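The values are calculated or read from the model by the stated rules, or taken from the named source; none is laboratory data. Keep in mind it's a predicted model, so treat the numbers as computed, not measured. Glycine gets a Cβ as well: all are built from the backbone with ideal geometry, and neighbour counts include every protein chain shown.
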Amino acid sequence: MQLDPNGHPTSPRGFRAALHTCGIKVSGSPDLALLVSDRPSRWDAVFTTNAVAAAPVEFGRERLADGVPLRAILVNSGNANAVTGAQGLADARETAALLERSLEIPEGAALVSSTGVIGVPLPMDKIRHGVPAIAGLPVTDGGAAFARGIMTTDTRPKHASISVPHAGGMVTLGGCAKGAGMIHPRMATMLSYLTCDADVHPEVLGAAFRRCVESSYNRISVDGDTSTNDTCVLLANGAAGLPPILPGTTAADDFEQALRILTAHLSREIVRDGEGATTVVRLDVVGARDALQAELVARAVCNSPLVKTAIHGRDPNWGRILCAAGYAGAGVTPRSVDLSIQDVPVLVRGTPAVFDAPALSRAMRGEEVLIRLDLGQGTDTTTFWTCDFSAEYISINADYTT
C-alpha cells in the first residue's frame, strides 16, 4: 500500500463533493463544502473535549448516538457557530434538514460542521440559499475542491488517499483535514473527513478509527489550544463491491494499517501548515515508566512557548526542554534523563554534554527538527509533532477578527 498525496475524499468509489460560495466569508471565497456518499455509509466520529463545544459538535454527537447511516456532510467555513446558544443548535438542525430535503436522502442521514469565528450567529438567510444550490453540484472528482472549501487560516489544502488489496480487488481510503491554529486536540483535530469504499464491519471500523485518531490527531500541537469545533469523521460505504472486512482477519489489519498511514500523513500536514510555522518538530519521548508519563511530558514540551520560540531561532537551548518536562507533573527524575537535538547529545544522565552549539544551530535550520528525550525510567514511548512559534503566528491571531 502506498499513499497518494494527490488523492482526496472522493478517491474512493461512491463519493462525490462540491464547493460553493454563499457569502459567509467577507472575502468572497468559497465557504460551503459538501461531501456526499451515493450509498448509506457506516460511520464513526470523534469530537472536541472542550467543555465549550460548538453547536455542530453537539448536533454531531446526537447524530452519532442515533446510529442512522450517513449520506452527506456539509461544512461551512468563516463562521464556527460556537457559543451561539439555543439558536445555534437550532440552526445546525435546520441546515441538516434542509440538506436532507435538497439531496432527497433520509432524515438523520446528514451531518454539519462549521469552522471560523466564535460567537457569531450563522447567517441563515445565506445558508438557506446556499444549501439547495450546492446540493446540485457534487461530482466524483470534487474531493480536492472540498478540501479547499473547509480551509480558514490554512495556507494550503491537506488531502491524500491510499489503496489496499482486498479479496482479489482494491479498496481505497481517502481524506482531508483543515487546521493551522488552535490545534491541541484530545479526541480529534480541527476538522478531518475520511472516506472508504470498503464494507467494513462496525467493530473493525470503530476500533481502528479510534486507535488511529489516538496515534495521529491526538499527537499533534500547534499552539496548545483545543478548538470548540474539533471533529473527525470516517465513512465506509461498501461501494467497492467486495466482501466485508471482518474482525480478526488480515483484511482488518490491512485496513487499520492503511488508515494509520493516512491519518498520520494528514495530521503532520496540519503541523507543517501551522500558523506562521517555519519548522516541524518531532519529539520522541522514550524510557517512560508508563504511557501516561510519556504523554504528559510530550504535551508539556510541545506546548511550551519557550521551546517553540527557541526552535524558531535555531537556538539549541536544551534547558527549556528539560524545564517543560519537569513541570509536566509526571515525576521526571533529572539525573536519569538523556536529551539529544538532531541526534546530537546535549544532556547525558542529567549532566550537560559538550557539543558545538553553532554547528547544532546550523543543523536546526532545516524543515524538521528531531528532539529525543529519554526519561530513563522504563520502556514506554510516544511521538508527538509540533512546530515553531514565529512573529507571524502572533500577527495572524492578533488580527483574526479585526
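Among the residues of the stretch 74-85, write down those that are touching a helix residue (DSSP H, G or I) at 6+ places or on another chain (Cβ under 9 Å) and not in a loop (DSSP other than H, G, I, E, B). Across the stretch 74-85, the qualifying residues are L74, V75, N76, S77, G85. Only one of the listed residues (L70, L89, L64) is assigned by TED's automatic domain parsing to the domain that holds L234, of a type outside the set (K, R) and buried (at least 21 other Cβ atoms within 10 Å of the Cβ). That residue is L70. Taken over the stretch 82-93, residues that are within 7 Å of A55 (Cα to Cα) and at pLDDT 95 or above amount to 3. Among the residues of the stretch 344-356, is any aliphatic (A, V, I, L, M), surrounded by fewer than 18 Cβ atoms within 10 Å (Cβ to Cβ) and under 24 Å from L296 (Cβ atoms)? Scanning the stretch 344-356 turns up at least one residue that is aliphatic (A, V, I, L, M), surrounded by fewer than 18 Cβ atoms within 10 Å (Cβ to Cβ) and under 24 Å from L296 (Cβ atoms).
Conditions tested, residue by residue: (1) among the β-branched types (V, I, T); (2) within 23 Å of I105 (Cβ to Cβ); (3) modelled with pLDDT of 95 or more.
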| position | (1), (2), (3) |
| --- | --- |
| S11 | no, yes, yes |
| A17 | no, yes, yes |
| H20 | no, yes, yes |
| P30 | no, yes, no |
| L35 | no, yes, yes |
| R39 | no, yes, yes |
| T48 | yes, no, no |
| F59 | no, yes, yes |
| R63 | no, yes, yes |
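Here the condition is being among the charged types (D, E, K, R), in contact (Cβ under 8 Å) with a residue 40 or more places away in the chain, within 24 Å of T228 (Cβ to Cβ) and in contact with a Lys or Arg (Cβ under 9 Å, 6 or more places away or on another chain); of D66, D44, it holds for D44 alone. Restricting attention to the stretch 100-147, the residues being exposed (fewer than 14 other Cβ atoms within 10 Å of the Cβ), closer than 19 Å to R63 by Cα and aliphatic (A, V, I, L, M) number 0. Out of all the residues in the stretch 151-169, which are part of a loop (DSSP other than H, G, I, E, B), in contact (Cβ under 8 Å) with a residue 24 or more places away in the chain and under 24 Å from H20 (Cβ atoms)? Once the filter is applied, which keeps residues that are part of a loop (DSSP other than H, G, I, E, B), in contact (Cβ under 8 Å) with a residue 24 or more places away in the chain and under 24 Å from H20 (Cβ atoms), the stretch 151-169 yields M151, T152, T153, D154, T155, R156.
A quick yes/no check of all residues on (1) in a helix (DSSP H, G or I); (2) of a type outside the set (G, A, S):
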residue: A97; (1), (2): yes, no
residue: E107; (1), (2): no, yes
residue: P121; (1), (2): no, yes
residue: K126; (1), (2): yes, yes
residue: I134; (1), (2): yes, yes
residue: A144; (1), (2): yes, no
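Among the residues of the stretch 28-45, the one identified as hydrophobic (A, V, I, L, M, F, W, C) and more than 26 Å from L259 (Cα to Cα) is L32. Going by what's in this entry, would T84 be described as out of contact with any Ser or Thr (no Cβ under 8 Å at 6 or more places or on another chain), on the phi < 0 side of the Ramachandran plot and surrounded by 24 or more Cβ atoms within 10 Å (Cβ to Cβ)? Criteria not met by T84.
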